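Written below as structure tokens is the structure these notes are about.
The values are calculated or read from the model by the stated rules, or taken from the named source; none is laboratory data. Model, not experiment: these values are computed from the prediction. Cβ atoms come from the backbone with ideal geometry, glycine included; neighbour counts cover every protein chain shown.
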Amino acid sequence: MADVDRVVRRKFATPPVKLACLSCRASRTRCDGGHPCSSCVNKSNECQYRPSRRGGPRIRKKVVSNSTSASPPTAGAKFPSAGQAFHGTSNSSSAAVTAANEQLLPTAAQQPVALQNYIDPGAALGQLPDMPQDSDFIFDSLFQASFSDSVFDEVVADLPQEMLAAPQKSGPLVRTYRSDRTLLQAYYCWIHPYVPIFPPPESSTPPVDEPSALSQSRPPYDDDGFEPSTPVALALSAVLALIPSADDTDPASTESILFRRKCAQFFAQAAIESIEAESEIPDSATEPSKALESTPPPADRAPFHPRVPVELESIIALCLLSVYEYAQRGNIKKMRSRAGQALMDAMMTYSLHTQTDDDDFFAEAKRRVWWMTYVCATQSSIVSNTPPPLELYGASFTTKFPTLDIDPEAWPLFIEAQQSILTATQFVIELNKVLATQGDMQPIYRKMVELETRIAPLAERAEKWTFTSNLAPPMDQAETCLVRSLRSMARIKLNSARIKVHRYCAFYDFPLGSPPKTANTTPLQQQATQQPLPMANQTLNQPPLLPHQMPQHTYHQLQQQLQQQQQLQQQSTDMAMAMPSLPEPVSAAAAPIKVPFSSHYSAKICLRSALNIAVGFDGLPYPNPSGQYGIDISFLSPTSPIVAPRMLPSFVCCAMQGAYVFLSIYRKTKGLQGDGNGTGTTTVSNTASGNAYLLTMLLQLQRGLTSILAALENYATAFEALRSMRDQIRFSAENLIGLEA
């Protein structure tokens, strides 16, 4: 029976050799260490070796200690191990801790981001240092202690147990899985509610998470172990490795964070190498002319999911890795690269955007892969504030939306929201270009009105959505969880798009860009010629203002008051924030040189949208790794105090938009509250009702900011780059409160 088990054992189930031949290293294939190795024999290659800088036997130093027991130190490594702080002598412990801490991201106080820069591409997003672009190198640096010199290990094994010191605490652990089945179950538990790129689960029983904790002291792939090798299995392993292990006694320690980071990057790099290997044409190295006439051979392996074609797994992996690069590593450039490659494969290689065969067994899989690839590609353009890689509004998109029988409108609304925020982002790009070149603003103003007309009904419709399900529903066959998730994400995106349209008019006195420095387009004169439009729904109950409290500036008056520009800007905007009603609109054609929206109106729209963004983040469901019904919050395990993190957030830039609005209006409102200084300026704070309103406004702003911070706190449990974003918002909020004291 042992011989049979050895024959059917999975490929690559043994640990990698300590020294691979040059040919195997160049082709990124596993080497068996033979002289010559079997791979070179099969390929008729010359098998040569040279001393490796990445592995090989290590000589452990003897530990001199006066105590009766001592822990044998781990092997040294050129690439520092995440768990080094747990080992070694006391003299080197502090140095190891210091070296590990230096690999963490800087704090918000060390790299503060000004409030006006919150709307910049990648604002406050942490950026992890680059790692070697070789999965074997990363692997060796992670588990060197597991492949130590065998002679030394035999000597240690013969020693009495009382002579070996027990570790003071367990080392860092990382979440792994023992099979493709458990990986797929973990996908449905953790990722599917937010990136539904696979078809619905096949089983009628809700999936349950079955992780396995991996430590540095245990060989990762023993004879009975499972090694993910396909692109999608490796990509999922990379994302899931970021979730703290419930068995880790100190998951927030520097060592645990770095160990999870390096393990995730190992899987991510291995996934990229696997994608390249599957797309390799054998003749490209020997007969390039034949390679140009051929296509990569089909993958000869079982599918990861029974209803997903094997050839689409690489596209799925690239989409997952695109969000991984953004949320974990803060690398927007690689995010765009991964998403762009997935988009090109989906459109050019497999024509997923023109699928019309509803009878195809894989029809639903192709729909989901296409539309989620579309979302990933457009999202990479949104977060980078750049044009999309292709024309993504094409009428040639004939592929239907994915099906969701329990709510047929959820998918179309989600895609429409994505298109809305993409359009608003392209508008911001055009606006920035015109401001930089001091060009004609009239087309920009017309575009503002056009986008507001398009997005406002969608955003107002999203405000009426209510959910009756629990906050942590299990992922069943009906995908009930997706109803809440898709609609919440759509609400966030729609309101973020509306902020992009209105923030220039609302906060032009903030340095959002470089406004034209001409006599005809100063921000103050723009304010004078603004023609406000009424809000569709008045949701903010505001006290009435007396006629003399309403700004009635004319162009002639402004010419006489240019020397008081900054003061008037602040005063006019603050007073506008408390207006209960607005004049009737005038058409943009009647006054083409005028800003289409008043600062008051746009600021109220931005505030309303930011509050809806906060509601959207509050409404996002939590993962449910236990598969239980009727719970509103879930944890890593029944005994863990850590709330299960929501996964793969590619739209946290919307949280920065909301925080920008909350902090900006908070600062303005707080200044208005204390403006009764005898200067002759009458503000709403001079009345009891006005002061009560302002206090209510400040409380509302604080609640909205708290919701956004809570969402980022949850995301930061798994994703390092988002911790910088969370810390930056918290730092700005604390500084604002500190200035008030």
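Data for the structure
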read-out	value
Residue in region 425-442 that is closer than 19 Å to R491 by Cβ and surrounded by 19 or more Cβ atoms within 10 Å (Cβ to Cβ) present	yes
Sole exception among (1) modelled with pLDDT of 95 or more; (2) assigned to a helix (DSSP H, G or I) for R646, by number	(2)
One residue from S488, S496 being closer than 21 Å to D120 by Cβ, in a helix (DSSP H, G or I) and under 26 Å from the mean Cα position of the chain (by Cα)	S496
Members of region 373-413 found to be part of a helix (DSSP H, G or I), within 23 Å of E325 (Cα to Cα) and of a type outside the set (S, T, Y), listed by number	V375, C376, A377, Q379, I382, V383
Boolean, E210 is at negative phi, among the charged types (D, E, K, R), in contact with a helix residue (DSSP H, G or I) (Cβ under 6 Å, 6 or more places away or on another chain) and assigned to a loop (DSSP other than H, G, I, E, B)	yes
Of residues in region 711-730 being of a type in the set (S, T, N, Q) and assigned to a helix (DSSP H, G or I), the one surrounded by the fewest Cβ atoms within 10 Å (Cβ to Cβ)	N714
Count of residues meeting criterion [farther than 21 Å from F651 by Cβ and among the acidic types (D, E)] in region 394-430	2
Helices (runs of 4 or more DSSP H) enclosed by region 121-207 - at least 2 residues per element that are aromatic (F, W, Y) and modelled with pLDDT of 70 or more	none
Every pair of residues 6+ apart whose Cβ atoms lie under 6 Å, when the first sits in region 449-463 and is farther than 12 Å from A424 by Cβ while the second is at pLDDT 95 or above	A462/R491; A462/L494
Boolean, A417 is under 23 Å from the mean Cα position of the chain (by Cα) and either over 30 Å from Y194 (Cβ atoms) or modelled with pLDDT of 95 or more (or both)	yes
Filtered residues of region 628-662 (kept if more than 14 Å from C189 (Cβ to Cβ), crowded, with 20+ Cβ neighbours inside 10 Å, in contact (Cβ under 8 Å) with a residue 60 or more places away in the chain and more than 12 Å from the chain's Cα centre (by Cα))	M656, Q657, G658, A659, Y660, V661
Test: residue in region 341-349 that is surrounded by 20 or more Cβ atoms within 10 Å (Cβ to Cβ) and small (G, A, S)	yes
Cβ pairs under 6 Å, 6+ apart, first in region 166-187 and within 13 Å of P244 (Cα to Cα) and polar (S, T, N, Q), second at pLDDT below 95 and not in a loop (DSSP other than H, G, I, E, B)	T176/S212; T176/L214
Checklist (1) among the polar types (S, T, N, Q); (2) modelled with pLDDT under 75; (3) assigned to a helix (DSSP H, G or I) applied to S237, failing item	(2)
Scan of region 326-382 for residues that are free of Cβ contacts under 8 Å to residues at least 12 places away in the same chain and closer than 21 Å to P306 by Cβ, ordered by number	D357, D359, D360, A363
Exclusive hit being crowded, with 20+ Cβ neighbours inside 10 Å, β-branched (V, I, T) and at pLDDT below 90, set T696, T682, T669	T669
